Structures are given as C-alpha cells and as structure tokens.
Amino acid sequence: MGLAALHQRSLLGETNNHHLELEFHTKAVRQLQDFLSSININELRPENETLVEIITCGIALISFECNRLATAFKRHVLNRSHDA
C-alpha cells in the first residue's frame, strides 16, 4: 500500500524528495525479491491471490521506474534547451 501511495504522489508531482523516492523504491524491490525467494513458485496458479499481489507490485515498480526516468529525461532536455 505504501508503494502505491508513493507512486501516486510521484505521478502528481507531490514529492520533491527524490532521495526518499529512491530509498522507498529500493526497499520495495528488495522486499519483493525476498518474498519471491521465500515462496514456492510451482504452487502459484492464475487464481492464486499471491500471484495477483506479485504481479501488481511488479507493475507498480515498473511504472514508478518509467515515471522516474521520464522525469529525469525531461529535466535533461530542458537543461539542454537552456544551454542552446
């Protein structure tokens, strides 16, 4: 839930503390990795709620990363246009 809230705040531009975003993102990835290594993948089925949670978390992390990279690229383009 915390990851979703941070992601939403980031999309709305409500977070200016990029260090906090990166720290939270890194922690979420680490926790997802720990969780994935602790479960038996062979027991996951499409109707399994755990599988849905894994996919949802993965999508949120990917979306967060895409937004972060797009923001960095936008900043880079703006800086380059000011230099020209």
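What to note about this one:
- If you go through segment 16-59 and pick out every residue that is among the hydrophobic types (A, V, I, L, M, F, W, C) and closer than 28 Å to ARG75 by Cβ, you end up with 8.
One line per residue, one yes/no per condition, for (1) touching a Leu at 6+ places or on another chain (Cβ under 8 Å); (2) among the hydroxyl-bearing types (Ser, Thr, Tyr); (3) modelled with pLDDT of 80 or more; (4) surrounded by fewer than 11 Cβ atoms within 10 Å (Cβ to Cβ):
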| residue | (1), (2), (3), (4) |
| --- | --- |
| ALA4 | no, no, no, no |
| ARG9 | no, no, no, no |
| ASN17 | no, no, no, yes |
| GLN33 | no, no, yes, yes |
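- Tally, over segment 36-84, of residues that are over 17 Å from GLU21 (Cα atoms), at pLDDT 80 or above and among the small types (Gly, Ala, Ser): 3
- Residues (part of a helix (DSSP H, G or I), surrounded by fewer than 10 Cβ atoms within 10 Å (Cβ to Cβ) and either touching a residue at least 24 places away in the same chain (Cβ under 8 Å) or of a type in the set (D, E, K, R) (or both)) located in segment 38-84: GLU43, GLU49, ARG80, ASP83
The values are calculated or read from the model by the stated rules, or taken from the named source; none is laboratory data. These numbers come from a predicted model, not from an experiment. Using ideal geometry, Cβ is built from the backbone for each residue, glycine included, and neighbour counts are taken over all protein chains shown.
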